[in-house]
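A quick write-up on the structure given underneath.
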Amino acid sequence: MRILTNICSDDLNKSKDFYVDLLDFKVKFDSDWYVQLCSPEDSEIEYGIIQRDHELVPKEYQNTPNGMYVTFVVENVDVIYEKALKMGIDIIQEPSNEFYGQRRFLTKDPNGCLIDICSPWQEE
């Protein structure tokens with residue numbers, strides 16, 4: 001079994017650049033209606049971006065994301081946070097140590113999708 005998350009976008013290039021620049025994703029496939037990215041460490045971990053108004057997306061699902069978020073677990077959340085600041089990305093929540101053992105910050109991608117970026121954290 002393979003699981004692939006796809007999100008909808010109004011601007012594929014802007015969305016692609018967001019994930020490539022912030023999280024170092026690699027581009028596996030790039031077209032005018034769909035972009036497939038993969039983790040820099042494992043090409044089997046994939047993330048797709050589809051043109052929101054493409055015929056493959058049912059009309060009732062062509063809305064801005066709501067009631068969901070995507071989590072990316074990274075080696076060092078603070079490094080990615082600093083990169084996000086330099087990129088001028090809107091920060092929803094600054095990095096904080098959470099009770100469940102993750103240090104995370106929240107942002108949103110160019111499509112309005114809430115993005116949770118975190119790293120494991122242990123109290124000393």
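Quick note: the coordinates plus some simple rules give every number you see, no bench work behind them. From a predicted model like this one, the values you see are computed outputs, not experimental measurements. All Cβ positions, even for glycine, are placed from backbone atoms using ideal geometry, and neighbour counts span all protein chains on display.
If neighbour count is taken as other Cβ atoms inside 10 Å, put Ile3, Ile89, Ile80 in order from fewest to most.
Ile3, Ile89, Ile80
By how many nm would the segment from Glu55 to Phe99 lengthen if fully extended, with 0.36 nm per residue of separation less the alpha-carbon distance?
11.6 nm
Consider the candidate values (i) 51, 32, 28; (ii) 38, 32, 24; (iii) 49, 27, 26; state which one is Cα extents along the principal axes in Å computed from the structure displayed.
Of the listed options (i) 51, 32, 28; (ii) 38, 32, 24; (iii) 49, 27, 26, (i) comes from this structure.
Cross-chain or 8 or more residues apart, Cα under 15 Å: how many lysine pairs in the range 5-120 fit that? Count them up, please.
The result is 6.
Quickly work out the Trp121-to-Thr71 label distance, labels modelled 7 Å from Cα along the C-beta direction, and quote it in nm with one decimal.
1.4
Sequence gap at least 6, Cα distance under 8 Å: using those rules, report the relative contact order of the chain to the nearest whole percent.
In percent, rounded to a whole number, it is 23.
Of all beta bridges DSSP finds with both residues in the chain, what is the antiparallel percent, to the nearest 5?
Given both bridge residues lie in the chain, the antiparallel proportion sits at roughly 65 percent.
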